[in-house]
Amino acid sequence: MKMPKVDIDFTTNVDKLYHLFAYFTLTICWLFSFYKKKQKHLKYYIVLGCVIYGIVIEVLQSKLTDYRTGDYMDILANSLGILLALIVFNQILKKIKVNSL
């Protein structure tokens with residue numbers, strides 16, 4: 001039995017990794033910039049702001065330029081990067097709290 005040939009276009013998939021990494025970096029930097037503030041829900045406002053920013057950028061790309069396109073998969077990749085940053089941030093904060101006891 002012969003296996004079917006699968007063509008994978010790595011260039012489009014790598015673009016999504018770039019989006020994920022960029023929004024992970026953006027979010028983690030903002031979270032650590034403000035993590036000592038005493039506002040209880042600040043990290044969720046940062047996350048929400050990053051998600052809205054990613055959506056707005058994709059919409060503006062599709063509406064205002066002729067050479068760029070907006071893509072819902074880019075929004076998904078951006079959001080996954082943001083979610084991953086929140087998870088990593090929460091895990092690091094837990095480790096800091098445990099080690100400071």
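The values are calculated or read from the model by the stated rules, or taken from the named source; none is laboratory data. Nothing here was measured: the structure is a model prediction, and the numbers come from that model. No Cβ is skipped: glycine too gets one built from the backbone with ideal geometry, and neighbour counts run over all protein chains shown. Calculation scope for accessible area: heavy atoms of the full protein, side chains included, ligands and nucleic acids excluded. Shrake-Rupley method; radii C 1.70, N 1.55, O 1.52, S 1.80 Å.
Of all residues in the stretch 51-75, how many are crowded, with 16+ Cβ neighbours inside 10 Å and among the charged types (D, E, K, R)?
Residues meeting the conditions: 3.
For the stretch 10-42, what are the residues that are farther than 30 Å from residue 69 by Cα and in a helix (DSSP H, G or I)?
Answer for the stretch 10-42, where residues must be farther than 30 Å from residue 69 by Cα and in a helix (DSSP H, G or I): 32, 33, 42.
Would you check which residues across the stretch 76-101 are in a helix (DSSP H, G or I), surrounded by fewer than 16 Cβ atoms within 10 Å (Cβ to Cβ) and polar (S, T, N, Q) and list them?
Residues satisfying the conditions are 90, 91, 99.
Anything in the stretch 31-75 that is among the hydrophobic types (A, V, I, L, M, F, W, C) and without any contact (Cβ under 8 Å) to a residue 24 or more places away in the chain? List them, or say none.
Those that are among the hydrophobic types (A, V, I, L, M, F, W, C) and without any contact (Cβ under 8 Å) to a residue 24 or more places away in the chain: 34, 42, 46, 48, 52, 55, 56, 57, 59, 60, 64, 75.
Yes or no: residue 48 open to solvent by less than 80 Å² (accessible area, probe 1.4 Å) and over 26 Å from residue 13 (Cβ atoms)?
The answer is no for residue 48.
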